[in-house]
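What follows is a short report on a single structure.
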Amino acid sequence: MTKNEYLDELRKELKLNNVVDIEDIISEYDEHFNFKMNEGLTEEEIARKLSSPREIAKEYGTNAADVNKFEKNVKVTGIVAMSIPMAAIYALIWASVVVLGGFALCSLATGFCLITTINIGGLIPAMPYFPALVLGIACFGLATLSAVGTIYFFLYTKQWGKVYIRWCSNIINNNRYPSISKHPKIAKRLDAKLKLIAIIGLACFLSAAVIGYFSMCIAAGSMEPWHTWNWFQ
């Protein structure tokens, strides 16, 4: 059964069971198909692993009065209590995303200052132009690598939030909803481009950093050029 066939059958069964918010439910299962297909599964494989549309429709068609309200309230209380520390951890993860993004911007600004010899507030230590040029290129490579890392970190952090919310919903509602992949949905072409950019950034950073260091050593006549140029005085 293909995705469209499965969803059409599910929509039909939901209508027969007088379920409300049918399109919201269809959207949930459509998203589930998309995530699993992004992981490499075929539409037929995903459909086989899911419950039949008739069984799903019967679950959604269950009368709300039959639900054990006491059990549900206990679950909700437990989820709320657990979500307080989880929210703090999640906030720290988002803060890390911001820090990584800020580091990428700082690396970009440092590289620009090294290459253009613009020294804002005297933050760039004195050195010959060629080492500064090469180290500026290294900073651009580091900024590129950090920017790609920020994009992936952002997408995964956002996705983990969705996964946790879905997990809580399933706990409260006895696993009525399809699971969500912990991996964000990224188009394969975009994913390949981001990885290529990250590899180029890493290669640029490592090679330019090594060349920059040895060029400083040659210019200073010392393996510790920062002492020769009195950077820390």
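Within the stretch 15-39, being closer than 21 Å to K188 by Cα and of a type outside the set (A, V, I, L, M, F, W, C) holds for D30, E31, H32, N34, K36, N38, E39.
Tell me whether the stretch 151-169 contains one or more residues that are assigned to a loop (DSSP other than H, G, I, E, B), free of Cβ contacts under 8 Å to residues at least 24 places away in the same chain, open to solvent by 60 Å² or more (accessible area, probe 1.4 Å) and closer than 21 Å to N34 by Cβ. Let's see the steps before the verdict.
As a first pass, look at the stretch 151-169 and keep what is assigned to a loop (DSSP other than H, G, I, E, B): none.
No, the stretch 151-169 contains no residue that is assigned to a loop (DSSP other than H, G, I, E, B), free of Cβ contacts under 8 Å to residues at least 24 places away in the same chain, open to solvent by 60 Å² or more (accessible area, probe 1.4 Å) and closer than 21 Å to N34 by Cβ.
The listed residues are V98, V148, and the only one of them that is part of a helix (DSSP H, G or I) and buried (at least 20 other Cβ atoms within 10 Å of the Cβ) turns out to be V148.
Would you mind finding the one in A81, A109 that is more than 14 Å from the chain's Cα centre (by Cα) and either surrounded by 14 or more Cβ atoms within 10 Å (Cβ to Cβ) or within 30 Å of R11 (Cβ to Cβ) (or both)?
A109
Within the stretch 114-141, the set of residues being open to solvent by 40 Å² or more (accessible area, probe 1.4 Å), in a helix (DSSP H, G or I) and in contact (Cβ under 8 Å) with a residue 60 or more places away in the chain comprises F130, I137, F140.
What are the residues in the stretch 38-56 that are surrounded by fewer than 16 Cβ atoms within 10 Å (Cβ to Cβ) and assigned to a helix (DSSP H, G or I), if any? Full working, then the answer.
Step one: filter the stretch 38-56 for residues surrounded by fewer than 16 Cβ atoms within 10 Å (Cβ to Cβ), giving 39-42, 44-45, 48-49, 51-52, 54-55.
The answer is E44, E45, R48, K49, R54, E55.
With respect to the conditions (1) open to solvent by 60 Å² or more (accessible area, probe 1.4 Å); (2) outside any helix (DSSP H, G or I); (3) under 30 Å from Y29 (Cα atoms); (4) free of Cβ contacts under 8 Å to residues at least 40 places away in the same chain, P184 falls short on a single one, namely (1). Restricting attention to the stretch 3-32, which residues are over 29 Å from the mean Cα position of the chain (by Cα), surrounded by 12 or more Cβ atoms within 10 Å (Cβ to Cβ) and of a type outside the set (A, V, I, L, M)? Matches in the stretch 3-32: E5, Y6, D8, E9, R11, K12, E13, N17.
The values are calculated or read from the model by the stated rules, or taken from the named source; none is laboratory data. Quick caveat: nothing in here was measured; it's all calculated off a predicted structure. So basically every Cβ, Gly included, is an ideal-geometry build from the backbone, and we count neighbours across all protein chains shown. Ligands, DNA and RNA are excluded from the accessible area calculation, which covers all protein heavy atoms including side chains. Shrake-Rupley method; radii C 1.70, N 1.55, O 1.52, S 1.80 Å.
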